[in-house]
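The values are calculated or read from the model by the stated rules, or taken from the named source; none is laboratory data. Quick caveat: nothing in here was measured; it's all calculated off a predicted structure. Positions of Cβ are generated from backbone atoms using ideal geometry, with glycine treated the same way; all protein chains shown enter the neighbour counts. Only protein heavy atoms, including side chains, enter the accessible area calculation; ligands, DNA and RNA are left aside. Shrake-Rupley method; radii C 1.70, N 1.55, O 1.52, S 1.80 Å.
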Amino acid sequence: METNEAKEYRNKLYTELAKIGKCLSSARRLELLELLIQCEKTVENLAAETQMSVANTSRHLQILFKASLVKRRKEGNFVVYSLASDQVAQLVSSLNQVGSEQLEKMQTLQDDLAKRAGSLTITLSQARQQRQALFLDVRPTDEYQAGHIKGALNIPFDQLEEHLSFLPSDREIIVYCRGNLCTYADLATGLLHDKGYRAYSLNHSYYDWITKEK
């Protein structure tokens, strides 16, 4: 039979572990962690990306920091945040994967977006087999510079329509952004399809590209 000391020890450990679960119970904090998988970012940058106020963004980041999920450093007048470890990225990625596979609503929302955007999709394994296609990274430049699929062209989504002339009309184009929680890949693919390009949406991130089995 378990001793009182052993039970108390076990309960304390579960209490500490539950702090991470509580921290991840916020949609906004999950979004911040997804963005930090891409690259380190300032509070102001994260606020702009999530369309939250700087004060609200800072409060969420403080909670993530207290749970040891992110770390921070000063850079001049700015505070720069990044994930605390590779294990945090794995945790967030695994949570996303479990949600996509187990929550029917998530899959329905993703399918509806692709349908509304007129986007054709391609799987990760299919994309890896493409040798002649152009990979188009529609993330912001800072995320592209932090890491991208080899040979990929970067045109941020909000600049895509005015830079269509940079894209070849005689090659298939595989568009990717931050993964299946991001709308950019589907929306960009739909735009390119309307303009006559042979484009496919890869609803996986660069992180997926380098970590998922080949």
Exercise. At a Förster distance of 22 Å, what's the computed FRET efficiency of Ser125 paired with Thr183, Cβ-Cβ distance as r, to 0.05?
Worked result: 0.45
Problem set entry | Vicinal HN-Hα couplings computed from phi for the stretch 64-78 (Karplus, 6.51 cos²θ - 1.76 cosθ + 1.60; Hz; Gly/Pro x) | 5, 5, 5, 8, 6, 8, 10, 10, 8, 8, 8, 9, x, 8, 10
For this session: Starting from the amide H of Asn203, placed 1.01 Å from N in the peptide plane, find each other amide H under 5 Å away whose residue is 5 or more places distant or on another chain.
Result: Ile122
For this session: Sort out for me the Cα centre separation of the stretch 133-207 from the stretch 105-130, rounded to whole Å.
Result: 13 Å
For this session: Over the alpha-carbon set of the stretch 1-146, work out the extent along each principal axis and list the three values in angstrom, largest first.
Result: 63, 47, 28
Exercise. Can you give the % of DSSP beta bridges in the chain that are antiparallel, to the nearest 5?
Worked result: 40 percent
Seminar exercise, completed: Share of accessible surface on carbon and sulfur in the chain, whole %, 1.4 Å probe and ligands ignored, is 51 percent
For this session: Give the long-range amide H neighbours of Ala67: residues separated by 5 or more places, or on another chain, with amide H under 5 Å away, using H modelled in the peptide plane at 1.01 Å from N.
Result: none
